[in-house]
Amino acid sequence: MKLLLIFLAIYFCFSFFTYKDYGATGDESTERRAAQDLSRYLSSPTSYDSIINYNYNDKINVTFGHHPLVTKYQRSYQLIQNYFNFKGYYEWGHLFNLIFGSILFVLTYCVFFIEYKSSKKAIIPVIFLATCARLSGDIPTNNKDVPFATMYLASVLLIYLFSKLEPNKYLKILLLGIVFGITQTFRAVGFSIYFVYIIYYFYNEFIEGRKFTVSKIANFFLELSIIVGFSLFISMSIFPWLGSNFFANFFNLLLDAKSFQNWDDTIFFAGKFLYKADRPWYYLFTWIFITTPVYILALMGSSVFFVKKLFRNKLFVISTISMFVNICLYLAMHPVIYNGIRHFLFILPMIVIFSGVVFVYLLEHVNKKIFRYIGILIILNISLVVYDLYRLHPYEYIYFNELIGGIRGASGKYELDYWGASYKEATEWIVKSTDLTQKDFIYACNVDYAVDYYSGKKFFMTYGYPEYANYTICDSENEMKRNYTGKILYEVKRDGVILNTVREHEKTK
């Protein structure tokens, strides 16, 4: 426990020193407005007048709006975040995200401590997770995918924990129902947790040498049906759209999760802009391969040599089942995903747990001299990752590993600052280095609200009309789409790679 406390002390110090560094990113403004709408909705009884009330940012009759009775996203986390961030400062929201993000590390530590009863071994996956930049780098600003990843990990932890203990049946149903209920409506892929639960149950019975009988299996599925029923009650309680018309909306939710009809923009992959129909089946696997630290990939790959010996390790098996189930669903349903690995951040803790178990196995079974070399190589790679994150700050989430050549190797081939965090730095440069005022017209290719926020509303923003602007702020991928040619005033760079460009040019209208 002492090692975890030391890690958390370092983590919280880092959080309090850096939370103002991170820029407001894509969807943060939308999520805040939706949370405010939800808060307003919950504060008064439902009536025609309360639904149509013009205080809502997104009315009930707005197509694809975020009114609680229209939106297909449940926003319990954003509601809590908005409650504590009552001033509406993005910086406060980022600090709240960082504090909440510590739960990921605590859960990862706990699951290993339960398995190995060793604080030293339990801290290993915590370090792995901290260097898994595609997740840890998203913690400050991503209030959608990181909370889901946290709840999914909590669900897996409970399944694992109850297999080690003999809990009270009612307590088990209560806890699993609550956690599953929250998890499954953060993202519809959260329903995959039931497949994990079922497969792991049969594995656990087999590995414990228990006989399968009709009555035992029937009792299991009866208990599962109660958990499912209770979890759906929890989901309806926190998700107004689902609760308003459960049967029709539930199936619509599952279908929409596959097609995601609201989104059909381009994705930048392997140097090309592709629409969703053009995205290759290996999109997700490529992103995992080029953004996961090499030492983690190496540990995962080495597991093939002793997978039979790890078959009795329940932690190894449940992480494997979690990855296997979700990868199979991805291949079978071919859902629309974009922004790299963002929609599958929740499997990264499973990857970390998997690689952590392999590392502990090597520690316990490999010749000490050989393991010393393995340890040195891992420490060297972790050092390289930490150095990369230092150079990328506050854009840690755009990390690429050495296999692709870091962000230099990924530049011009894959999305970099898809969240638009670099618009903060570009805006602050304009405010500090120019004398632009409301007489000057500025167009931002993405997260224009962030430019307005960080400039203190100093400029006139030409929302959606670049032809009226004489200055543009644009991230690298959007620059490629638009082919802007104006004079470059400033470039936001990391490791020599351009993330964002400020240009001056003539108005075309």
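Quick notes on this one:
- Computed from backbone phi with θ = phi - 60° and the Karplus coefficients 6.51, -1.76 and 1.60, the 3J(HN,Hα) list for region 315-331 is 5, 5, 5, 5, 5, 5, 4, 4, 5, 4, 4, 6, 5, 4, 5, 4, 5 Hz; x is used for glycine and proline.
- Taking the convex hull of Cα positions in region 58-118, its mean projected area over all directions (nm²): 6.2
- Simple spin-label estimate for MET333 and ARG210 in nanometres, 7 Å along Cα-Cβ: 2.9
- Distance between region 378-442 and region 112-143 - C-alpha centres, whole angstrom: 23
- Residue order, fewest to most surrounding Cβ atoms within 10 angstrom, among PHE105, PHE354: PHE105, PHE354
- Efficiency of FRET between ILE99 and LYS309 - r from beta-carbon atoms, R0 51 angstrom, step 0.05: 0.80
- Placing +1 on the Cβ of every Lys and Arg and -1 on the Cβ of every Asp and Glu, with nothing else charged, gives region 423-504 a dipole about its Cα centre of roughly 100 debye.
- Placing dummy labels 7 Å off each Cα toward the beta-carbon, the span from PHE285 to GLU402 is 2.4 nm.
- Beta bridges from DSSP with both residues in the chain: antiparallel share about 75 percent, rounded to the nearest 5.
- Note, ³J(HN,Hα) from phi for region 404-411, Karplus 6.51, -1.76, 1.60, rounded to Hz, x at Gly and Pro: 9, x, x, 5, 5, x, 7, 4
- From least to most packed, judged by other beta carbons within 10 angstrom and beginning with the fewest, ARG33, ARG494 follow the order ARG33, ARG494.
- Cross-link pairs exceeding 27 Å in C-alpha to C-alpha distance, out of LYS59/LYS458; LYS144/LYS309; LYS424/LYS481; LYS59/LYS507; LYS169/LYS309; LYS164/LYS369, comprise LYS59/LYS458; LYS144/LYS309; LYS59/LYS507; LYS169/LYS309; LYS164/LYS369.
- Cysteines having no other Cys beta carbon under 4.7 Å from their own, within the chain: CYS13, CYS110, CYS132, CYS328
- Looking at region 118-222, the trypsin sites (Lys or Arg not before Pro) that sit in a DSSP loop and have at most 15 other Cβ atoms within 10 Å of their own Cβ are ARG210, LYS211.
- Using equal-weight Cα scatterers in the Debye expression, the normalised intensity of region 255-350 in log10 at q = 0.10, 0.13, 0.14, 0.25 Å⁻¹ is -0.33, -0.54, -0.62, -1.44.
- Under 18 Å from the LYS169 label point (7 Å along Cα→beta-carbon), backbone N, region 220-245: 220-231
- Extending 7 Å from Cα along the Cβ direction at ALA9 and again at ALA270 yields two label points whose distance is 5.0 nm.
- Computed E for PHE16/ILE217 - FRET, C-beta separation, R0 51 angstrom, nearest 0.05: 0.50
- Measuring nothing but alpha carbons in region 423-504 and taking Rh as the Kirkwood radius, the Rg to Rh ratio lands at 0.92.
- Amide H within-cut-off set for PHE460, under 5 Å, with H built and near neighbours excluded: ASP440, ILE442
- For LEU489, nonlocal amide neighbours, meaning residues 5 or more places apart or on other chains whose placed amide H falls under 5 Å from its own, are VAL502, ARG503, GLU504.
- Taking a straight line from the alpha carbon of LYS487, these aspartates and glutamates sit under 12 Å away, with near neighbours fewer than eight places off in the same chain left out: GLU504, GLU506.
- Under a model in which nothing but the beta-carbon of Lys, Arg (+1) and Asp, Glu (-1) is charged, region 2-384 shows a dipole of about 1260 debye around its Cα centre.
- Each of MET1, MET300, MET350 was scored by other Cβ atoms within 10 Å of its Cβ. Arranged with the fewest first, they read MET1, MET300, MET350.
- Estimated FRET transfer efficiency (SER118, ASP49; beta-carbon r; R0 60 Å; 0.05): 0.50
- Given (1) 164; (2) 124; (3) 148, the label whose value is volume of the Cα convex hull per residue in Å³ derived from this model: (1)
- For the listed peptides 437-448, 19-30, a ranking on the average number of other beta carbons within 10 Å per residue, highest first, reads 19-30, 437-448.
- For ARG494, residues with placed amide H under 5 Å, excluding near neighbours: LEU499
- 3J(HN,Hα) along region 128-134: 4, 5, 5, 8, 7, 5, 5 Hz, from the Karplus curve 6.51 cos²θ - 1.76 cosθ + 1.60 with θ = phi - 60°, whole Hz, x for Gly and Pro.
- Packing-based ranking, highest mean first, of 146-152, 389-395, 49-55 given that Cβ atoms within 10 Å are counted: 146-152, 389-395, 49-55
- Gain in span if fully extended, ALA277 to LYS458, counting 0.36 nm per residue against the direct Cα distance: 61.0 nm
- Rg/Rh (Cα only; Kirkwood hydrodynamic radius) as it applies to region 288-334: 1.02
Computed from the coordinates by the stated procedures, all read-outs in this text should not be read as laboratory data. Predicted model only: the values in this text are computed from it and were never measured. Methodologically, a virtual Cβ is constructed for each residue, glycine included, from the backbone with ideal geometry; neighbour enumeration extends over all protein chains shown.
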